[in-house]
Amino acid sequence: MSFTFCPRCASPLAEREFAEDGGPMQRRACPDTACGFVQYENPTPAVGVLIEHEGSMVLFRGAGWPEGFFALVTGYLEKNEEPLKAVAREVKEETNLDVVETEIIGNYIFERKNEVMLCYFAKCVGEIRLSPELADYKRYAPHELRPWPRATGFAVADWMRSRGLEVEFIERPPIQVTPRTS
């Protein structure tokens, strides 16, 4: 969340330079140094899940995404939620599948939405039923996956490399990002 006014004293925030370990850093802060509010804009943690179901890799198209673009199931961690619990919850909520096995792929920055994506591979069972957040899904053999050059696409590429598969990136079409409201 980005503030225009200080949430403590209502003064308009201003850009100020702060000395940090990595060198000077510009941050929005209250001009009243007695107030002391600094807006850090730390990234939001989220999970991304590459799903294997019935021997196929399954990618999903989000509602409102361009036709033909499929990606991972993703979602935000809830307060005090462990990442693996978030993986199981998001997969169940969005696809109706049950996670039976997981392995970490890696962590990736998604600059556009200021997120840190904790990406996992999950073997899942059950019948796919899409939530309203998803419009469609598509099955792939592992070697047919074509990652995209951003966040969760890098996770797909790393997963493929870990299995000795050749990686060929596609260009990802632009997606309108809806700001998080909750």
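Descriptive notes on the structure:
- Of all residues in the stretch 1-21, those that are part of a loop (DSSP other than H, G, I, E, B), of a type outside the set (S, T, Y), within 27 Å of P45 (Cβ to Cβ) and modelled with pLDDT of 90 or more total 4.
- Some residue of the stretch 123-137 being under 14 Å from the mean Cα position of the chain (by Cα), outside any strand (DSSP E or B) and charged (D, E, K, R): no
- Out of P149, P142, one residue alone is more than 12 Å from the chain's Cα centre (by Cα) and exposed (fewer than 13 other Cβ atoms within 10 Å of the Cβ). It is P149.
- Conditions (1) part of a loop (DSSP other than H, G, I, E, B); (2) farther than 30 Å from I105 by Cα; (3) of a type outside the set (S, T, N, Q); number of the one not met by P24: (1)
The values are calculated or read from the model by the stated rules, or taken from the named source; none is laboratory data. Because the structure is a prediction, the values reported are computed rather than measured. As a convention, Cβ positions derive from the backbone with ideal geometry for all residues, glycine included, and neighbour counts pool all protein chains shown.
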